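Have a look at the structure below before the remarks.
The values are calculated or read from the model by the stated rules, or taken from the named source; none is laboratory data. The structure presented is a predicted model; accordingly, all values stated were derived computationally and were not measured. Protein only, heavy atoms only, side chains kept; ligands, DNA and RNA dropped before computing areas. Shrake-Rupley method; radii C 1.70, N 1.55, O 1.52, S 1.80 Å.
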Amino acid sequence: MVKVTIIGSTGTIGKNVAFTLAREDTVDEIIMFSRPESLDKAKGETYDMYDALAARDIDCKLIPSADFNDIKGSNVVLIAAGIHREKGMDRLDLALPNARIVEYYSKQIAKYAPDSIILVATNPVDVMTTIALEASNFNKMKVIGIGNHLDSLRLKNYFSKQININSSEVHTRVVGEHGNNMVPLLSSTTIGGIPLKYFVEYVEIDVRSLIHQLRNAGNTIISKKGATEYGPAFAISNLISTIITDTHKVLTVSCYLDGEVEGVEGISLGVPAVISKNGIALIASIHMSEFERNAFIKAAETVREATEEVKKQLSS
């Protein structure tokens, strides 16, 4: 039986992940975990989802709960709980209050679901991935942050739309911080198997505009509708499905580094990784241009500073 727990299941991201996962019909049971005061809302969400799933004859079991005993036996536990960004906020503004939440839940996961894989969606996700790892004391290959997976999907979509080509023909990746210091790997981007630097000779692409749009994607959506939901929910569901189906896809997620990429160590950062049912099977090395390499190191410095400050505050 495949079992997934979603902590923060009544939030915008959590409930959308639950519904997206249930629709894919690859999970047998989803624990809709919430705080006791939000349990009724979690129940309401499950009733509503059951009505929708009935139209497709999907039998995924949805269990609203505020009891940690119910997360036992989970294959994956998603931490989506926390304070959410509002208009004008940077992801790093959320660091300390969300770190306390992530630390608490990670300790409970270690106690009640010690064989699970922890997936972190709470922002700032790179910092929170390290907090979850250290609080749970899990093997680093079993704690994964959503990282730049969504950023990579967004960039793929932007290229597809601008040049009117099927998105399956676009192969691109974003690494570094899931935030202002994300690093699009344009040097290794290909379209239809053709390196981007050659493809732009034949098709007009405003790459500078695309990157600006990418960096501001979250704030743009938040300013217009109050929150991001469908994009993050699909990206997270896609990552969970990759884990439970053991498909060994290469996704750009937040991993705790021990020098595997550009010598960066002691922090979590978005890098390509092979994802399996056991978590991270391999952290892939990256070939970057000098500009990209410098930007990646800058991202590492920013995340390191934020991580160290949060850890200092947590221990005080």
Seminar exercise, completed: Ratio for segment 45-193, C-alpha Rg to 2.2 N^0.38 Å, reads 1.25
Seminar exercise, completed: For segment 1-95, dividing by residue count, accessible area per residue (probe 1.4 Å) in Å² works out to 47
Seminar exercise, completed: Computed over segment 118-177, the distribution of all Cα-Cα distances in 10 Å bins, rounded to whole %, is 23, 37, 23, 14, 3
For this session: Give me the angle, in degrees from 0 to 90, between the Cα long axis of helix 125-136 and the longest principal axis of the Cα atoms of the chain, rounded to the nearest 10.
Result: 40
Problem set entry | Set of aspartates and glutamates near Lys311 by C-alpha distance (under 20 Å), chain-local residues within fewer than 8 positions excluded | Asp90, Asp93, Glu103, Asp126, Glu134, Glu177, Asp258, Glu265, Glu301
Exercise. Excluding ligands, DNA and RNA, what is the solvent-accessible area per residue of segment 169-249 at a probe of 1.4 Å, expressed in Å²?
Worked result: 50
For this session: Put one equal scatterer on each alpha carbon of segment 274-316, apply the Debye formula with no solvent term, and list log10 I(q)/I(0) at q = 0.14, 0.16, 0.27, 0.31 1/Å to two decimals.
Result: -0.58, -0.70, -0.84, -0.93
For this session: For segment 165-311, just run the numbers: alpha carbon Rg, then divide by 2.2 N^0.38 Å, N being how many residues it has.
Result: 1.11
Problem set entry | Per-selection metrics, segment 143-247 (Cα): Rg and Dmax in Å | 14.3, 43
Exercise. Given the pairs Lys61/Lys249; Lys41/Lys312; Lys107/Lys156; Lys3/Lys41, which are separated by over 32 angstrom at their Cα positions?
Worked result: Lys41/Lys312; Lys107/Lys156
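Viscosity 0.890 mPa s, temperature 25 °C: give me the Stokes-Einstein translational D for the chain in µm²/s, with Rh taken as the Kirkwood radius over C-alpha pairs.
Details: Rh = 19.8 Å.
Diffusion coefficient, whole number: 124 µm²/s.
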Exercise. Which percent of Cα-Cα pairs in segment 1-110 sits in each 10 Å bin, short to long?
Worked result: 15, 45, 30, 10, 0
Exercise. Using the alpha-carbon centroid of each, what span in Å lies between segment 27-75 and segment 193-222?
Worked result: 39
For this session: Over the chain, with every protein chain in place, what whole percent of the accessible area is carbon and sulfur at 1.4 Å, could you tell me?
Result: 48
